[in-house]
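Working notes for the structure below.
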Amino acid sequence: MTGLYGDPLRRYRDGQPMNADLVIQNARVLTLAGDAPRRGDAMNDLAILPQADVAVMNGRISAVGPDLAGDAGCRIDAAGRVLMPGLIDCHTHACWAGVRYDELDRLGRGESYLDILAAGGGIMATVRAVRDASVERLAELTASRFARMASLGATTIECKSGYGLATDAELKMLRAIAGAEEMASIRVIPTALVAHAIDKDNPRFIDETIEETVPRVAEHFPGICLDAYCEEGAWSVEQTVRLFEKGRSLGLPCRVHADQFHSLGMVEAAISLGARSVDHLEASTDDDLKRLAASDTMGVMLPVSAFHLGDAHAPGRRFIDMGGALAIATNHNPGTGPSPSMPFTLALAVKHLGVTPAEAIVAGTINAAAVLHLQREIGSIEVGKHADMLLLHTTDERQLVYEFAGDPIAMIIRSGEIVQPGF
Ligand code: NIG
């Protein structure tokens, strides 16, 4: 690869005609090429080619540049519309069974999310339903959620376990997620959220999770990222640090849910542990945000949750202004994340986190790829990367984050395949 966009003219050299499975021509291409992750001011840089073509071969991007000529299996004239990388949903809990509609009434009557959890509902209600479900049923339910999320523009989805909270049930969830990935034929990155709540019925729960569940997860899913919910009524900072240290000794990286409702000191601890990301951040102090912004640990904000619970939103604008590297995700789950839609989530981020449309797009593409350590493979339109792209209906990308609950995407291309032709 040479230059910012690779060498788009390489297929003309030596008189060779270009050969491609697919060429999208005459598009406004948001390449998102350049630094990954982007932080601070650089989060406004979409690396736009105002009028260009993109060629795809064998599922990968093979050329990007003006007027790409040559043979192609299929040519699509974008007529100036926006072509951008597929959206990457880097924080979801899309593998679950059961429903939690009763919480709508309880929240409406003034019970808090943490009150519901303390009373044995919330996450624990889903834990009971997941423990009762077969791996096949869980995989089917999860695959149908992945399909909906994909139809709304997600081309890669991270999916956490966390509703098993016992070794075998956590492993069952991770197997169901793998099965669902195959059924939905979409790229899925699993995360082992073995510390999502405290199972009060098991007096050995913390020790068992650290000493038994983590090693079994490492054995069956080597290198998988560990996650924990560090919050009052869930995992303490000290317990979370012990968990992550155990994971590190077994080669498992970590991410953490922190400061959703209370600032407990987990941001600083996560940075010293080299966590890939700290997710939520609604209640973070300015000092913690500054520390995070100055570190290699990314911030992930989840605006659907504050919107759904009617709580304060995370300070996205302040974090970026401090020089932070931000990603944004749906947090799709049955308790705080009832939306499967990345476009809706990014629109909420613009309205409520105070980020610009360009920053929201960076946060949902190349920066989200960086949270998953996949920035060399996905998240931008560059030669050699997976051909995961969205063609919008409009010639201005701001429509993607301006419209609420609409239908901004005309065509979805995943690994070079047109999976939703609607142009
Ligand atoms: O990130 N709060 C912890 N985990 C999820 C919610 C999961 C649930 O309520 O089922 C979150 O918001």
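Report the residue count in the range 324-342 for those that are open to solvent by 20 Å² or more (accessible area, probe 1.4 Å) and more than 14 Å from the ligand (Cβ to nearest atom).
The total comes to 0.
Failed condition for SER185, given (1) modelled with pLDDT under 95; (2) within 16 Å of the chain's Cα centre (by Cα), with all others met?
In the conditions (1) modelled with pLDDT under 95; (2) within 16 Å of the chain's Cα centre (by Cα), SER185 misses (2) alone.
For a quick check of your reading: which strands (runs of 3 or more DSSP E) sit entirely within the range 256-330 and have at least 2 residues that are in contact (Cβ under 8 Å) with a residue 12 or more places away in the chain and not hydrophobic (A, V, I, L, M, F, W, C)?
Ranges flagged: 277-280.
Considering only the range 154-166, state which residues are buried (at least 24 other Cβ atoms within 10 Å of the Cβ) and part of a loop (DSSP other than H, G, I, E, B).
Passing the criteria: SER161, GLY162, TYR163, GLY164, LEU165.
Does the range 22-43 contain at least one residue that is assigned to a strand (DSSP E or B) and surrounded by fewer than 20 Cβ atoms within 10 Å (Cβ to Cβ)?
yes
So which residues in the range 95-111 are within 13 Å of the ligand (Cβ to nearest atom) and basic (Lys, Arg)?
Result: ARG100, ARG106.
Could you go through the range 60-74 and let me know if any residue there is open to solvent by less than 60 Å² (accessible area, probe 1.4 Å), in a strand (DSSP E or B) and over 30 Å from ARG398 (Cα atoms).
yes
Report, by residue number, each residue of the range 355-380 that is surrounded by fewer than 22 Cβ atoms within 10 Å (Cβ to Cβ) and assigned to a loop (DSSP other than H, G, I, E, B).
THR356, HIS373, LEU374, GLN375, ARG376, GLU377
Can you go through VAL383, VAL401 and tell me which one is in contact with a helix residue (DSSP H, G or I) (Cβ under 9 Å, 6 or more places away or on another chain), within 17 Å of PHE344 (Cα to Cα) and not in a strand (DSSP E or B)?
After ruling out the rest, the residue left standing is VAL401.
In the set MET57, MET84, which member is of a type in the set (A, V, I, L, M, F, W, C) and buried (at least 23 other Cβ atoms within 10 Å of the Cβ)?
Every option except MET84 fails the conditions.
Let me confirm something: among THR92, THR142, which residue is crowded, with 19+ Cβ neighbours inside 10 Å and either away from the ligand (no atom under 16 Å from the Cβ) or farther than 22 Å from ALA370 by Cβ (or both)?
Testing whether each residue is crowded, with 19+ Cβ neighbours inside 10 Å and either away from the ligand (no atom under 16 Å from the Cβ) or farther than 22 Å from ALA370 by Cβ (or both) leaves just THR142.
So in the range 386-398, with the set limited to residues that are part of a loop (DSSP other than H, G, I, E, B) and in contact with a Gly (Cβ under 9 Å, 6 or more places away or on another chain), which one is farthest from ILE157 (Cα to Cα)?
THR395
May I ask you to verify whether GLU268 is within 12 Å of the ligand (Cβ to nearest atom) and open to solvent by 10 Å² or more (accessible area, probe 1.4 Å)?
No; evaluated as a whole, the condition is false for this residue.
Given the condition among the β-branched types (Val, Ile, Thr) and open to solvent by 20 Å² or more (accessible area, probe 1.4 Å), answer yes or no: does some residue in the range 302-322 qualify?
no
Among the residues of the range 61-114, write down those that are basic (Lys, Arg) and within 26 Å of GLY310 (Cβ to Cβ).
Of everything in the range 61-114, those that are basic (Lys, Arg) and within 26 Å of GLY310 (Cβ to Cβ) turn out to be ARG100, ARG106, ARG109.
Just to be sure I understand, how many residues within the range 114-139 are in contact with an Asp or Glu (Cβ under 8 Å, 6 or more places away or on another chain) and open to solvent by less than 30 Å² (accessible area, probe 1.4 Å)?
Final tally of qualifying residues: 5.
The values are calculated or read from the model by the stated rules, or taken from the named source; none is laboratory data. These figures come from a predicted structure and were not determined experimentally. No Cβ is skipped: glycine too gets one built from the backbone with ideal geometry, and neighbour counts run over all protein chains shown. Note: accessible area is taken over every heavy atom of the protein model, side chains too, but ligands, DNA and RNA are not part of it. Shrake-Rupley method; radii C 1.70, N 1.55, O 1.52, S 1.80 Å.
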